[in-house]
Amino acid sequence: MSFPTTRMRRLRRSETLRRMVRETRLSRDDFVLPLFVVEGSGVREPIASMPGVLRFSVDQVVDECKRVADLGVPSVILFGVPKKKDARGSGADAADGIVQRATAAIKRDVSQLCVMTDVCLCEYTDHGHCGIVEGEHVVNDASVERLAMTALSHARAGADIVAPSDMMDGRVAAIRQALDQHGFEEVAVLAYAAKFASAYYGPFRDAAESTPQFGDRRAYQMDPPNRREALREMRLDLQEGADALMVKPALPYLDVLADARREFDVPLAAYHVSGEYAMIHAAAERGWIDGDRAMEEALVAIKRAGADLILTYAAADMAAKLGH
């Protein structure tokens with residue numbers, strides 16, 4: 001019996017050939033590095049559940065951003081961890097809030113870096129929910145007002161992109177209106193459009209000190225089995241004025257990301273979240289997997305599914321590996 005003319009292995013037999021025909025390529029320009037900012041000075045505090053990830057005071061986050069920019073990572077997204085919290089999340093839109101001060105400092109000293117800010121109340125509320133609570137119910141419209149004011153305060157501090165992650169209905173429209181009315185028409189909105197109520201957020205909640213004190217977030221974040229609903233959420237956010245859309249988490253929802261890529265001609269982001277990152281490190285520490293290869297494979301999968309931007313705690317390490 002004659003062997004088939006087509007031999008798929010011909011173009012796999014050397015690294016040079018594999019590179020020449022590679023369909024999906026990671027670039028440093030794909031990455032956004034999440035950073036946690038805390039009060040104080042000289043703070044570089046490791047996060048036990050996220051190996052290699054630190055909390056930074058404002059002075060130290062500026063130094064970290066200089067390092068990141070030198071590696072070629074184009075953007076960071078900031079999460080604030082204030083000392084004082086209350087039911088309204090008052091620190092979220094304070095002019096001298098932690099994210100506002102960090103944003104201003106970074107844009108002053110590392111002006112070429114694109115600064116995104118996470119717009120949510122969970123890090124600032126004493127109950128840990130993403131909005132205003134009445135009884136044990138997160139109310140939508142009062143929360144949207146607070147979120148719009150938070151986004152506006154970030155824009156005033158110099159943010160290039162605001163990224164609402166709360167999943168309240170109508171918040172993109174409210175944020176866009178607030179920005180436009182106050183002269184910030186050029187500040188972009190990256191909507192966490194399809195954010196699922198996931199089990200993969202645990203290490204983040206340790207890092208941001210944002211674990212809910214009662215109940216959970218399933219009444220406002222998306223139900224994980226729902227694929228069609230995710231596209232509806234994205235469509236609504238675009239109608240409200242979002243400039244780009246995000247799927248979160250990334251790896252368990254690559255089907256949603258691929259659906260969005262087919263459906264929408266706008267920039268798509270995917271968040272390689274804390275649990276996804278931590279699992280790779282945990283398995284690598286036990287010698288079960290090659291951590292570097294697994295991390296790269298995970299990020300390639302996210303890009304292959306359709307992401308233009310990948311928010312990942314591995315951004316700096318991967319940028320160093322990719323080189324110039």
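The values are calculated or read from the model by the stated rules, or taken from the named source; none is laboratory data. What you are looking at is a predicted structure, and each value in this text was computed from that prediction instead of being measured. Here Cβ is always computed from backbone atoms with ideal geometry, including for glycine, and neighbour counts include all displayed protein chains. When the accessible area is computed, the model is the full protein with side chains, heavy atoms only, and any ligands, DNA or RNA have been set aside. Shrake-Rupley method; radii C 1.70, N 1.55, O 1.52, S 1.80 Å.
Translational diffusion coefficient, Stokes-Einstein: compute it for the chain using the Kirkwood radius over C-alpha pairs as Rh, at 25 °C and 0.890 mPa s, and state it as an integer in µm² s⁻¹. Rounded, D is 121 µm²/s. Given the C-alpha centroids of the stretch 196-241 and the stretch 109-163, what is the distance between them in whole angstrom? Between the Cα centre of the stretch 196-241 and that of the stretch 109-163, the gap is 15 Å. A compact globular protein would have a Cα radius of gyration near 2.2 N^0.38 Å; the ratio found for the stretch 39-117 is 1.11. Placing a label point 7 Å from the Cα of ARG227 along the Cα-to-Cβ line, the residues of the stretch 274-312 whose backbone N sits under 19 Å from it are 301-307. Sorted largest first, the spans of the alpha carbon positions of the stretch 195-250 along the three principal axes are 33, 23, 20 Å. Against the chain, whose longest principal axis is taken from its Cα atoms, helix 228-240 shows a tilt of about 60°.
Residues ARG235, ARG25, ordered by accessible area of protein heavy atoms at a 1.4 angstrom probe radius and largest first, appear as ARG25, ARG235.
Give me the log10 of I(q) over I(0) for the stretch 169-324 at q = 0.13, 0.16, 0.18, 0.21 Å⁻¹, as the Debye formula computes it from C-alpha points; what are the numbers? Those come out to -0.68, -0.98, -1.17, -1.37, one per q. Here r is the Cβ-Cβ distance between GLU145 and VAL300 and R0 is 56 Å; the resulting FRET efficiency, rounded to 0.05, is 0.85.
Semi-axes of the equivalent ellipsoid for the stretch 217-296, computed as √(5λ) from the eigenvalues of its C-alpha gyration tensor and ordered from largest down, come to 29, 14, 10 Å. ASP96 exposes around 110 Å² of accessible area when a 1.4 Å probe is run over every protein chain in place. Estimated from helices alone, the mean residue ellipticity of the chain at 222 nm is -12000 deg cm²/dmol (sum of -39500 (n - 2.57) over DSSP H runs with n ≥ 4, per residue). In terms of its Cα atoms, the stretch 69-185 spans 48, 31, 22 Å along the principal axes, sorted from long to short.
Mind checking the alpha-carbon convex hull of the stretch 144-257 and giving the volume per residue in Å³?
So the per-residue Cα hull volume is 112 Å³.
Taking all protein chains together and rolling a 1.4 Å probe, GLU64 ends up with roughly 20 Å² accessible.
In the chain, Cα pairs under 8 Å separated by at least six residues give a relative contact order of 18 percent. Here each label is just a point 7 Å from Cα along the line to Cβ, and for GLN213 and ASP70 those points are 4.2 nm apart.
Gyration tensor over the Cα atoms of the stretch 1-43: the corresponding equivalent ellipsoid has semi-axes (square roots of 5 times the eigenvalues, largest first) of 49, 10, 9 Å. Volume per residue of the convex hull around the Cα atoms, evaluated for the stretch 1-93, comes out as 215 Å³.
Take the residue pairs LYS85/LYS248; LYS84/LYS303; LYS107/LYS321; LYS85/LYS321 and return only those whose Cα atoms are more than 28 Å apart.
Violating the 28 Å Cα-Cα cut-off are LYS84/LYS303; LYS85/LYS321.
Computed from Cα positions, the angle between helix 98-109 and the longest principal axis of the chain comes to roughly 60 degrees.
Using Cα atoms only, what is the angle between the long axis of helix 140-157 and the major principal axis of the chain, expressed in degrees (0 to 90) to the nearest 10? Once rounded, the angle reads 80 degrees.
With the other protein chains left in place, how much accessible area per residue, in square angstrom, belongs to the stretch 62-178 at a 1.4 angstrom probe?
Values: 4080 Å² over 117 residues.
Roughly 35 Å² per residue, with all protein chains present.
Per-residue accessible area (protein heavy atoms, 1.4 Å probe) orders LYS248, LYS303, LYS83 as LYS83, LYS303, LYS248, starting from the largest. When chymotrypsin sites (Phe, Trp or Tyr not before Pro) are flagged only if DSSP places them in a loop and at most 13 other Cβ atoms lie within 10 Å, the longest unflagged stretch of the chain comes out as 1-213.
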